[in-house]
Amino acid sequence: MLDVHAPQHTPNGLRDFFIHLLTITAGLLIALGLEAGVEAFHHRHQRLEAEAMIRDEIKSNDEKIEQGEAQFKEELDGMNRVLQALDTLSQGKTLPLQEKDFVFHQSPMQDAAWRTAASTGVLSYMDYGKVERFSEAYKEQDQLETMEKQTLDDYLMLIPILSHHVKDMDPERAKQALVYARQAVAHLNGMYFIGLGTVGSYKQALQ
């Protein structure tokens with residue numbers, strides 16, 4: 001807050017009046033300049049801190065996806081074997097199901113740094129192109145998590161059926177499970193391709 005005080009004595013003529021006015025104006029401009037400088041420094045600090053946290057968050061999510069690639073391939077291969085077994089069983093034939101083939105590991109991504117920067121308005125202090133790349137990366141990440149949730153729903157529908165009827169699966173029960181197995185394979189493949197896009201967006205965002 002800026003305080004402007006009236007002169008302690010009455011100006012003697014126009015000369016004193018304009019000197020006093022000039023002094024006040026100069027003081028106000030200096031004070032406003034200092035205040036703007038402090039605010040700009042504060043905004044710069046917020047921007048750098050938020051950008052560093054977002055970059056660390058993206059790097060962490062990128063590593064999580066890449067480290068989980070081998071496990072994901074095992075899950076997809078396992079569900080394909082489940083699909084083949086269920087298809088065979090639905091025709092009245094025999095093909096053993098392995099419980100280890102329908103295991104799914106969920107890997108939640110982080111977005112706290114991005115959401116915090118958006119909600120506090122810090123993104124407005126960043127370069128537009130950089131914010132656009134960050135936004136695209138998190139958009140791809142959201143799509144991946146949506147597909148992951150749909151895949152998890154498929155597994156949750158399958159597990160009760162397969163867990164209790166693996167050894168004595170009749171054709172009708174196999175046909176019921178087959179619907180969810182096909183959906184799971186489709187969603188797993190969707191996860192794979194969206195995951196590739198997400199990793200690509202991460203690389204662009206970190207440039």
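Read the figures in this text as sums done on the coordinates, not as results from a lab. Just so we're clear, the structure is a prediction, and the values are computed from it rather than from any experiment. Cβ coordinates were reconstructed from backbone atoms using ideal geometry, including for glycine residues, and neighbour counts include every protein chain displayed.
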## Note on the structure
Counting only backbone N atoms under 13 Å from a point 7 Å out along Cα-to-Cβ of Gln46, the residues of the range 115-159 in range are 116-126
### Net charge dipole size for the range 62-207 [Lys, Arg +1 and Asp, Glu -1 on Cβ; Debye, nearest 20]
180
### Summary
Stretched fully, the stretch from Glu66 through Gln110 gains (0.36 nm per residue minus C-alpha distance, one decimal, in nm) 14.4 nm
### Message
Suppose we take every Cα in the range 75-128 and form the convex hull; what volume per residue is that in Å³?
### Response
126
